[in-house]
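Take a look at the structure set out below.
The values are calculated or read from the model by the stated rules, or taken from the named source; none is laboratory data. From a predicted model like this one, the values you see are computed outputs, not experimental measurements. Counting neighbours? That spans all protein chains shown, and the Cβs are built from the backbone with ideal geometry, glycine included.
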Amino acid sequence: MEFKLGEFVRFVDEKMEGYVTRIISNDMIGVTGEDDFEIPVLTTKVTRVHGHKYAGAVEQYQADSPTLSDTFESKGIFLAVVPDPNKASVVHFHLVNDTSFQLLTTLITDKSGVTKGEFAGSIQPHSAVEIYSSNLSDLSVWPGFVIRALYFSMSNVAIPEAIQYNEKFKARDFAGAKKKIARLNKEAWVFRIDEDDLIIDPEKLKESFFKPVVEKKVVEKPSAEIDLHIEKLRDDFQFLSNTEILKIQMDHYKKALDAAIVHKLPSITFIHGIGNGTLKQEIHKTLGRNNHVKTFLDARKEKFGYGATEVILK
């Protein structure tokens, strides 16, 4: 009998029950009860609880009568990682399609060169579907993820090329704050699928920064420490929305990082504060994709606490 992560089961020979929190092998699973202690058990020694719908059951999230719009949405494909409401150690991966395209999608996992098909199906426009589940405590041994999607629409629109998203998740990907996903009505860690990775060409950066002398434009060498608190960047910050504030902070961060790369600084520190973790998470996402970043880490805690990130450049 095949069990799924997050499923509610009962022991056959004992008065015990709990949630499946680990798939150990084809014949063995880990079951966690109310005491949060995980017990390995043979699949033949447990049974599903009749009528109990487990939280990770595969389903498409879509309104019965989708609101029609004159605007055709061509962007907006996300991977939302949702903690299980019963056992937070289990997470469920949902592919969220906010576009007006139908997506023909597959998920393949790759672990040490061994690939396995995990999901294949059609995801309707403006909907979401669960495609995978895993145990967050096993993150260090998670396989790599390969998501491929073909666009389809009967509307008279240009069909984009198929996309492929490759990701090997790390602990820092889940260090930031979760966001509310309206389509799922759940909090989740969110990863954008349909956008290109950030690639910085230092020669092009030089060309854009160092204009001919007649234009009298040069890029200033940035400070070793960049304070991104909005009150340091704008005087009218109290009139700005959270979205506007985040954009201003990210623009200032990107400009300073690019300047540090051009000037070949060994390192630069960004003071982002603690807050809800959104700014830190967005900064860490771009740093993880930047070919000119050697590594990044929490800056000196005795000086900044946990509110700053030091970036070591190559």
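Data overview
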{"item": "Near pairs, Cβ below 8 angstrom, 6+ apart or cross-chain, from the stretch 272-289 (closer than 16 Å to V311 by Cβ) to any residue that is basic (K, R) and buried (at least 18 other Cβ atoms within 10 Å of the Cβ)", "result": "H272/K280"}
{"item": "Failed condition for Q249, given (1) out of contact with any helix residue (DSSP H, G or I) (no Cβ under 7 Å at 6 or more places or on another chain); (2) closer than 24 Å to V190 by Cα", "result": "(1)"}
{"item": "Failed item in (1) surrounded by 12 or more Cβ atoms within 10 Å (Cβ to Cβ); (2) modelled with pLDDT of 80 or more; (3) of a type outside the set (S, T, N, Q); (4) over 16 Å from L279 (Cβ atoms), with E220 passing the rest", "result": "(1)"}
{"item": "Selection count, the stretch 136-157, where residues are part of a loop (DSSP other than H, G, I, E, B) and under 30 Å from F37 (Cβ atoms)", "result": "2"}
{"item": "Tally, over the stretch 290-314, of residues that are touching a residue at least 12 places away in the same chain (Cβ under 8 Å) and out of contact with any helix residue (DSSP H, G or I) (no Cβ under 7 Å at 6 or more places or on another chain)", "result": "15"}
{"item": "Residues satisfying the stated conditions in the stretch 166-189, i.e. surrounded by fewer than 16 Cβ atoms within 10 Å (Cβ to Cβ), of a type in the set (A, V, I, L, M, F, W, C) and under 12 Å from the mean Cα position of the chain (by Cα)", "result": "A171, F174, A175, A177"}
{"item": "Meets criteria (surrounded by 17 or more Cβ atoms within 10 Å (Cβ to Cβ), touching a residue at least 12 places away in the same chain (Cβ under 8 Å) and under 16 Å from the mean Cα position of the chain (by Cα)) for S134", "result": "yes"}
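One line per residue, one yes/no per condition, for (1) assigned to a strand (DSSP E or B); (2) under 27 Å from N276 (Cα atoms):
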{"residue": "T99", "(1), (2)": "no, no"}
{"residue": "L107", "(1), (2)": "yes, no"}
{"residue": "T115", "(1), (2)": "yes, no"}
{"residue": "E118", "(1), (2)": "yes, no"}
{"residue": "S134", "(1), (2)": "yes, yes"}
{"residue": "I159", "(1), (2)": "no, no"}
{"residue": "K180", "(1), (2)": "yes, yes"}
